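Visitor: Starting off with a structure, shown below.
The values are calculated or read from the model by the stated rules, or taken from the named source; none is laboratory data. Note that this is a predicted model, so its numbers are computed, not measured. Neighbour counts are summed over all protein chains in view; Cβ atoms, including those assigned to glycine, are modelled from backbone coordinates with ideal geometry.
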């Protein structure tokens, strides 16, 4: 036979607080009266009566010479008001959890909400709660309750009796939500009750025989028995050791024992002693229980804890023998506000925790893990500061003048000027980003560090630049991302070093802005056209030589070819015609017609498609000379005959020998509005004029 006792068995905080206070006053000689039974345990009630404590069923029975105790279940507001008018000393020992419900109900009722209490309508705790909304609450403990909200109430406020079953509470709440539009739910089930019920379910599932100890009037004990009975058919509800069934076969059985929140430790010990007498064991279970009762923790203790349960905003841990389970709030696990509790710990994990407080109003041991981690990491951080190590961290929030980075579970302040390589206007944009930083200052008294992300980035940037310049050379290709665009070109990140692709190098076509070819973030292949190690300027090329339209034209056109082309620009000295995209040829004014004309517009119009003959090509300077006249000129014999018959004065000044216009002078005095470079146009027309001569 083996016996296992639930760690949560026995008095909860509220009951222990009330019982201890009453016994302390009785032992000091004070005359005490209690309004109703202090707790639902006949053993305690009988013992208090034997010590002279009177139990009053009505406030009218209260005697002025006795201090009147308000029991743990609490009372109605009207009772408190009536007692205040009497000349009686009152000590309110209402359980803190119950008192919290009174405040919730009162505030919401006064704000116009309809109150719903999920619990036993005949239980003194529920009766007391209802009194704080003038006895108007809808009270139910039926999962299939038919609730109809009051029409003039905008909101329904739901609270729970502290000792009810969590599962039943959730089902009733869901039913109410299905009926009402605006529902405010307060889960007021005592944490100690939740823990007892959870442990009772687990323990009974592992036991062959289960004993639930408590008073018959105790609501929370009855709930424990229901849970135990569902998991262990051989479960028994007993008030004292005398209720243990005689002749019960316990040999080779696993026995589980739990007790309600109003069950004194002495009764549990008596049951354990009885179990002890039925078995042979080296260690007395009564002694084990006594040890668990006396085991204490102090603020500042560091203990091992086993994760038992993970809730929405807290983690419940087993402190290895201490009476109460420990409560570890989610924000005490880590300083990282984005961390999920389930990612930090899992049920069964054993972690070290720091004891912040013991025996608070919820009957819990309040713990912190991040405080302990911070204490443990201090020496590591101090060593990293002294050695100027680079550390990994994450920025968790922005503050005045900078940001806070979490490094090894320690908060490090990073001033704004040290938060990035360049000044960042919106520090919130850095939140939740991973960073590498170095500690640059330390306040040992305040246990604070100052860090710099910029110093690490500057070092890394310099290392990248040094590596680049050590291997960079003209013609070398790189793949990089377009970092930014300007009106004159695109900057490309070559891997920590930026280079410029001038707008003229982005396309063989004429473009007005780099965005016509690339956009920020595009990954492109470029090559170095020029670089200056002293000024750190890098000129990049992007367009490919094989895409050069003049290279394509060289394979298509030859001197003497007759081509179809389109007039695209007209100048005083001739017309430029497009042979193919970005490849133009010049028809000099003297080559437009077979007669003398005053200006090119007399014959040609922009957009005209004409046939012309290629007179000359200069592939080095990308110039092509065209002629329309060559296709309409009369045969040489006819031209000579006409020249012989012409008057003498005309022969002296034939049209073909007319001195061409001084193109360079003309352009200088009358600059063209076209995008064609002036120097190139002038040179091109000069060549055409010379060819004409």
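Visitor: When you look at residue 332, is it touching a residue at least 12 places away in the same chain (Cβ under 8 Å), in contact with a strand residue (DSSP E or B) (Cβ under 6 Å, 6 or more places away or on another chain) and within 15 Å of residue 307 (Cα to Cα), yes or no? Spell out the reasoning first.
Guide: Working: touching a residue at least 12 places away in the same chain (Cβ under 8 Å): yes; in contact with a strand residue (DSSP E or B) (Cβ under 6 Å, 6 or more places away or on another chain): yes; within 15 Å of residue 307 (Cα to Cα): yes.
For residue 332, the condition - touching a residue at least 12 places away in the same chain (Cβ under 8 Å), in contact with a strand residue (DSSP E or B) (Cβ under 6 Å, 6 or more places away or on another chain) and within 15 Å of residue 307 (Cα to Cα) - is met.
Visitor: Need a quick list: strands (runs of 3 or more DSSP E) entirely within segment 248-344 having at least 1 residues that are more than 30 Å from the chain's Cα centre (by Cα) and at pLDDT 80 or above.
Guide: Numbers: elements: 254-259, 302-310, 314-318, 326-329.
Where strands (runs of 3 or more DSSP E) fall fully within segment 248-344 and carry at least 1 residues being more than 30 Å from the chain's Cα centre (by Cα) and at pLDDT 80 or above, they are 254-259, 302-310.
Visitor: Might you let me know whether segment 586-599 holds any residue that is outside the structural domain of residue 487 (by TED's automatic domain parsing) and without any contact (Cβ under 8 Å) to a residue 12 or more places away in the chain? Reasoning before the result, please.
Guide: Quick first cut of segment 586-599, residues outside the structural domain of residue 487 (by TED's automatic domain parsing) only: 586-599.
This time we only want the ones that are without any contact (Cβ under 8 Å) to a residue 12 or more places away in the chain, so: 597-598.
Scanning segment 586-599, I find at least one residue that is outside the structural domain of residue 487 (by TED's automatic domain parsing) and without any contact (Cβ under 8 Å) to a residue 12 or more places away in the chain, so the answer is yes.
Visitor: If the requirement is being closer than 24 Å to residue 13 by Cβ, without any contact (Cβ under 8 Å) to a residue 24 or more places away in the chain, surrounded by 15 or more Cβ atoms within 10 Å (Cβ to Cβ) and under 51 Å from the mean Cα position of the chain (by Cα), which of these qualifies: 237, 225?
Guide: Numbers: 237 fails: without any contact (Cβ under 8 Å) to a residue 24 or more places away in the chain.
Residue meeting the stated conditions: 225.
Visitor: Just need a number here: residues in segment 88-97 that are surrounded by fewer than 19 Cβ atoms within 10 Å (Cβ to Cβ) and in a helix (DSSP H, G or I).
Guide: Applying the first criterion (surrounded by fewer than 19 Cβ atoms within 10 Å (Cβ to Cβ)) to segment 88-97 yields 88-92, 96.
From what's left, in a helix (DSSP H, G or I): 96.
Final tally of qualifying residues: 1.
Visitor: Of everything in segment 373-395, what is within 20 Å of residue 427 (Cα to Cα) and surrounded by fewer than 19 Cβ atoms within 10 Å (Cβ to Cβ)? Give them in sequence order. Please lay out each step first, then the result.
Guide: In the first step, residues of segment 373-395 are kept if they are within 20 Å of residue 427 (Cα to Cα); the result is 392-395.
Correct list: 392, 394.
Visitor: Going by the conditions given, is residue 105 part of a loop (DSSP other than H, G, I, E, B) and buried (at least 16 other Cβ atoms within 10 Å of the Cβ)?
Guide: Values: part of a loop (DSSP other than H, G, I, E, B): no; buried (at least 16 other Cβ atoms within 10 Å of the Cβ): yes.
So residue 105 fails the test.
Visitor: Inside segment 192-209, can you point out the residues that are part of a helix (DSSP H, G or I) and either surrounded by 21 or more Cβ atoms within 10 Å (Cβ to Cβ) or touching a helix residue (DSSP H, G or I) at 6+ places or on another chain (Cβ under 8 Å) (or both)? Let's see the steps before the verdict.
Guide: Initially, segment 192-209 is screened for residues part of a helix (DSSP H, G or I), giving 192-205.
Across segment 192-209, the qualifying residues are 192, 193, 194, 195, 196, 197, 199, 200, 201, 203, 204, 205.
Visitor: Tell me yes or no: at least one residue of segment 42-50 is surrounded by fewer than 21 Cβ atoms within 10 Å (Cβ to Cβ), touching a residue at least 60 places away in the same chain (Cβ under 8 Å) and more than 21 Å from residue 215 (Cα to Cα). Talk me through it step by step, then tell me what you get.
Guide: So in segment 42-50, the residues surrounded by fewer than 21 Cβ atoms within 10 Å (Cβ to Cβ) come out as 42-43, 45-47, 49-50.
Of the ones still in play, those that are also touching a residue at least 60 places away in the same chain (Cβ under 8 Å) are 42-43.
Now restrict to residues that are more than 21 Å from residue 215 (Cα to Cα): none.
Taking every residue of segment 42-50 in turn, none turns out to be surrounded by fewer than 21 Cβ atoms within 10 Å (Cβ to Cβ), touching a residue at least 60 places away in the same chain (Cβ under 8 Å) and more than 21 Å from residue 215 (Cα to Cα).
Table: residues versus (1) surrounded by 19 or more Cβ atoms within 10 Å (Cβ to Cβ); (2) over 56 Å from the mean Cα position of the chain (by Cα).
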| position | (1), (2) |
| --- | --- |
| 38 | yes, no |
| 68 | yes, no |
| 81 | no, no |
| 86 | no, yes |
| 99 | no, no |
| 110 | no, no |
| 132 | yes, no |
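Visitor: Name the residue, out of 75, 19, that is part of a loop (DSSP other than H, G, I, E, B) and either within 24 Å of residue 161 (Cα to Cα) or in contact (Cβ under 8 Å) with a residue 40 or more places away in the chain (or both).
Guide: Details: 19 fails: part of a loop (DSSP other than H, G, I, E, B).
Answer to the check: 75.
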